[in-house]
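Below is one structure, written out as structure tokens; the observations come after it.
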Amino acid sequence: MQFQVDAGDSRPTFFELVATDRLVPSLRAALVYSLRTLAERRPGVTRILDHEAEAFALLMLLVEAHSFATSDGSLAEGLYGLQRRGGRGGRGGRAAVARGGLLRSGDDDGGNGARRSRRIGGKQRLLSVLVLVGLPYAREKLDALYPPGRSSRDEGARDGDDDDARGGRRARGGSSPTPAAPSSSSSASAVSGASVRAGAAAAFVSAYPWIHAGWEAVVFWCWLRYLLKDGTTHDPSLATLRLAVVRASPSEVTARRARVESARASRVNRLSSSPSWMTRVVGPTALRAGHFALDHAQGGLMAAVVGFKLLEWWYGSAEDAVFRDRSHPPPPPPPRTAPHPRARCVVPRDPALCPLCRRRCSQPAVVRTSGWVFCHPCVVDEVRRFGRCPVTLAAAAEGDVVRLFSE
Ligand SMILES: [Zn+2]
């Protein structure tokens, strides 16, 4: 079992690989925490939180693309001194697998050529970035569709409320409801479309647990083989790309830095000798500033993770101290003011749904002057535009909208 570093072995240990795998989720948790804190002061930030998965995937796409452009590994691998190498199939790759290891630093003298020949190519870099960013994103989206009970209940509640909605207010961004008076042919096609969708949803619901379990079994099998020194990688996606993660030797790190520096210098020189004086003056400075920002972005992100984890721990422990004393039960919430007859929206029967968008409240916020709860982005818009609670029409300013945190 590989739990500690063997002298001269380039195979990463179990702990290095686990730390590498955990880094990006920790980074996301820290960024989301900081954005939530910022959203308290700047409600516009909640728009980013509404599309949290997409925003984080875009950020990671940029970060990982830069990481693969300047090194042979992802952000997390680079921080732990690891890099990717052609693990199978490539020139000399099978021999390395047969030896049970990939590369040993002792091979440096005669192996520099072999190391260079097994550096990952442009296609493998591109595929690595796409897999690193796309796979977690796709998994998150599929997980959000499951369990089915939650979404179907929401749909049912929304449809039921829509039926008795006086204003015919439609769910924002949701699937559009069937038109009120369709012709017979369009109603038939709508019914067949709905049955196809229902069939696809049922197939997904029955197949997804098996796909999920199958994937987890493959991951477990790869880890087990890696720990028993039978496999070259712990990750099935790396195995599919015929790559493996290895520890970078000091000479490789130096060579990589020299390579990046020379590539950057040649780019700066090209701009300096441009015929346009504007490019000659602005180009090199802008390029150097860009390189500086990219080089320090990784360090900045890591500092953000550590800083916000520290804040979370600090405020978490303070919160614990507040809630430890449970000798008195919490007081009941004040009664909500009754809806106004000319309310701007119809109150749904399910109190968990937002009266404005008629979906389950995301980032719930209460209007202090009325006691009604909505999604934060929905109600902030309303209060800004009309200066009133949409249900009770009680006067409310933006400062009267207060976010609620349940966890
Ligand atoms: Zn809402």
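Points worth noting:
- For the stretch 30-80, Kirkwood radius (reciprocal of mean inverse C-alpha pair distance, Å): 12.2
- Gain on full extension, evaluated as 0.36 nm per residue between Ser251 and Met278 minus their Cα-Cα distance, stands at 5.8 nm.
- Reference-scaled alpha-carbon Rg (2.2 N^0.38 Å with N residues) for the stretch 335-407: 0.96
- Distance-filtered residues of the stretch 9-32 - backbone nitrogen under 13 Å, label point 7 angstrom along Asp230 Cα→Cβ: none
- If the chain linking Phe204 and Val347 were pulled fully straight, counting 0.36 nm for each residue of separation and taking away their Cα-Cα distance, it would gain 48.2 nm.
- Straight-distance crosslink candidates among lysines, where the alpha carbon sits under 27 Å from Lys123 and sequence neighbours closer than 8 are dropped: Lys141
- Val373 sits among other residues whose Cβ lies under 15 Å from its own Cβ, and their net charge, with Lys and Arg +1 and Asp and Glu -1, is +4.
- Virtual paramagnetic centre 7 Å along Cα→Cβ of Asp381, amide N under 17 Å, in the stretch 26-44: 43-44
- For the stretch 200-224 and the stretch 363-398, distance of Cα centres in Å: 43
- Model label zone, Val219; criterion: amide N under 15 Å from point 7 Å along Cα-to-beta-carbon; scope the stretch 21-64: 21-26
- Linear extension gain, Glu312 paired with Val18, 0.36 nm per residue minus alpha-carbon span: 103.6 nm
- With a Förster radius of 30 Å applied to the C-beta separation of Ser195 and Ala138, the computed FRET efficiency comes to 0.70.
Coordinate-derived values only; no laboratory data. Quantities reported herein were computed from a predicted structural model and do not represent experimental measurements. Every residue, glycine among them, receives a Cβ derived from its backbone with ideal geometry; neighbour counts consider all protein chains shown.
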